[in-house]
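The values are calculated or read from the model by the stated rules, or taken from the named source; none is laboratory data. Fair warning: this is a prediction, and the values are worked out from it, not measured in the lab. Here the Cβ positions follow ideal geometry from the backbone for every residue, glycine too, while neighbour counts run over all protein chains shown. SASA here: full protein model, heavy atoms, side chains in, ligands and nucleic acids out. Shrake-Rupley method; radii C 1.70, N 1.55, O 1.52, S 1.80 Å.
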Amino acid sequence: MGPLLVVSDARNDEIYAASFDAGGQQIAAPYVTTAERAGVEAAAGAIVLGTAAQAVVAASGRKDLVLSAASHLPVAAQFAAIAAGLIPGAMPSPLYLRAPDAKPQQTALRKIGELNIETADASASSILSELHHEVFDEGWSADAFTDLLRTPGAEAIIALERGEPLGFLLTRSAADEAEIIAIGTRPSVQRRGVARQLLTQHIAALADKGLRQLFLEVAASNTAARGLYSSLGFTEAGRRKGYYQRREGKEDAIVMRRELAP
C-alpha cells in the first residue's frame, strides 16, 4: 500500500485533506485547501480516498494518483472498533478546520458570558485565517499563520463559546517585552467583551512568565479600541505617522504600552 490522501468535500469550492504514509502514520494535520492544490501536492503514487477524491484527481491532472476502490464514506463498524478502544469515560475532541459559515444576526445574540480561551498552535492556522479574514480587509492566509506561529516567542489564543471561535489574539515576545501582532473579534460579537477577555487572560499569562512590558499599535481613528486598551492600563507611548495605508489615504498608528510584572 502506498501513501494515502483522504479528502472530503467542504463546500464553497474547498476540501478537507489529510495525508498518511504507507504505514498509516499521519504526515500532516488535516487542513482546508482546494481540490487542485491537494492533488498537486499529493505524494507520488498516492491513493486518494474520500468524497472529494474524483475531484482532486481530475483537478490535479496527474496520472500517478490512484482512486481508491473502497467506499468514499466511513464504515460504521470501523468507528465502533475505535470507540471500543477508548478509555472509559473519555470523549473524542472535535477538530475545527475553519470557522462556521453561518453568522448569527447581531440582534439575536445574547450577552457574551465567560468564554473558553485556549492556546492555539500551527494546527489551528486555518481557523485563525478564517477569523482574520472576517475582521480585516486583507486577511492573512493559513500558511502565514503557520509560519508566524513557528517563530520563537509567538503565541496565539482563541476565545470560544460552546466550541464556536469568536476571537483571537496573537503576540510575540523577546527578552522581557511582548507585542500584540493581531487581535480580532468576529463582527457579529464585537463590543461584547470578547477582546477584553482575551486581553485580560493573556496579560496575566505574560506577567506570570516574567515579562515586563506589552506593546501594541492601533489606528488613531479607532476610538473604541483605544478606549478598551486604556481601560486595561495601556498608555500612549508614541505615534507612527502614515503607518496604515487606507483607500482614502494614510493614517497614523498610536503606539501603546502597558507595564506587566513589577
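Structure summary
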item: Given (1) open to solvent by less than 40 Å² (accessible area, probe 1.4 Å); (2) modelled with pLDDT under 95; (3) closer than 26 Å to Pro152 by Cβ; (4) not aliphatic (A, V, I, L, M), number of the condition Tyr229 does not satisfy; result: (2)
item: Selection count, segment 169-192, where residues are surrounded by fewer than 17 Cβ atoms within 10 Å (Cβ to Cβ), assigned to a loop (DSSP other than H, G, I, E, B) and of a type in the set (D, E, K, R); result: 2
item: Yes/no for Ile183 being out of contact with any Phe, Trp or Tyr (no Cβ under 8 Å at 6 or more places or on another chain) and aliphatic (A, V, I, L, M); result: no
item: Any chance Ile254 is open to solvent by less than 30 Å² (accessible area, probe 1.4 Å), of a type in the set (Val, Ile, Thr) and under 30 Å from Ser93 (Cβ atoms); result: no
item: Total residues in segment 209-225, condition open to solvent by 20 Å² or more (accessible area, probe 1.4 Å) and either at pLDDT 95 or above or not in a helix (DSSP H, G or I) (or both); result: 9
item: Single match in Ser8, Ser19, Ser93 (criterion: among the small types (Gly, Ala, Ser) and open to solvent by 90 Å² or more (accessible area, probe 1.4 Å)); result: Ser93
item: Conditions (1) in a strand (DSSP E or B); (2) modelled with pLDDT under 95; (3) open to solvent by 60 Å² or more (accessible area, probe 1.4 Å): number failed by Pro262; result: (1)
item: Residues of segment 124-140 satisfying the condition of being surrounded by 14 or more Cβ atoms within 10 Å (Cβ to Cβ) and farther than 19 Å from Glu179 by Cα; result: Ala124, Ser125, Ser126, Ile127, Ser129, Glu130, Leu131, His133, Glu134, Val135, Gly139
